[in-house]
Amino acid sequence: MKTIVALFDTPDDARATCRELVAAGINEADIEVVQHSGYGAGEGHGEVVPELMGWGVPQDEAIAYAEGLRRGYALLAISPGSEDAMARALSALESAAQVDVAARAEEWRATGWAGEPAAMPKPPDTDADRRLGDAADALRVTNTEVVPPPPSPGKASPSFAPGSADDIAEQRLDRTDPERRS
């Protein structure tokens, strides 16, 4: 079964159409109203474009739908369970206040939109982010320097128990070995 998608200027318009679809006998579980804040329409529009393409929407149109979501529009997705339900859904959508996506995309292009998924702006770097990154880098370096202890033929002494402070000190590669001469 196919999925029908329609773009609306507002979430209220999409929800009103959803109510009309339910009144026309479409199962409410087969209808989804998608808004920017509740969907992966972030950087590169998240999973919106691939999902729309998976529903049979051509890539150019899927990008336009995702741009609409980014701009605050609402998307209505209907996956009717039968051919009869598909016909009823299409009939109900004819009178709905849906957006002409191709015409709207042309308007957006005329005002500078390139017709490509827009990346969301990256949040500014903060001192806390840098300190956290530095700590993560130090931890990665420390973790790569630790080597497992050599196998012991006898019973391990309590001071060399795995995980003890002495064990960790023995494993560090950057430690100074008093028995080793330069």
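The values are calculated or read from the model by the stated rules, or taken from the named source; none is laboratory data. The structure displayed is predicted, hence computed values, not measured ones. Reconstructed Cβ throughout: ideal geometry from the backbone, glycine too, with neighbour counts over all protein chains shown.
Tell me yes or no: at least one residue of the range 134-150 is surrounded by fewer than 16 Cβ atoms within 10 Å (Cβ to Cβ), at pLDDT 75 or above and either more than 30 Å from VAL22 (Cα to Cα) or touching a strand residue (DSSP E or B) at 6+ places or on another chain (Cβ under 9 Å) (or both). No; the residues of the range 134-150 include none that is surrounded by fewer than 16 Cβ atoms within 10 Å (Cβ to Cβ), at pLDDT 75 or above and either more than 30 Å from VAL22 (Cα to Cα) or touching a strand residue (DSSP E or B) at 6+ places or on another chain (Cβ under 9 Å) (or both).
Of the residues in the range 44-103, how many are at positive phi and in a helix (DSSP H, G or I)? So that I can check it myself, show each step before the final result.
Step one: filter the range 44-103 for residues at positive phi, giving 44-46, 56, 72.
From what is left, the residues that are in a helix (DSSP H, G or I) are 44-45.
Here the count works out to 2.
Within the range 1-16, if we keep just the residues that are in a loop (DSSP other than H, G, I, E, B) and of a type in the set (Val, Ile, Thr), the residue that is farthest from ALA74 (Cα to Cα) turns out to be THR3.
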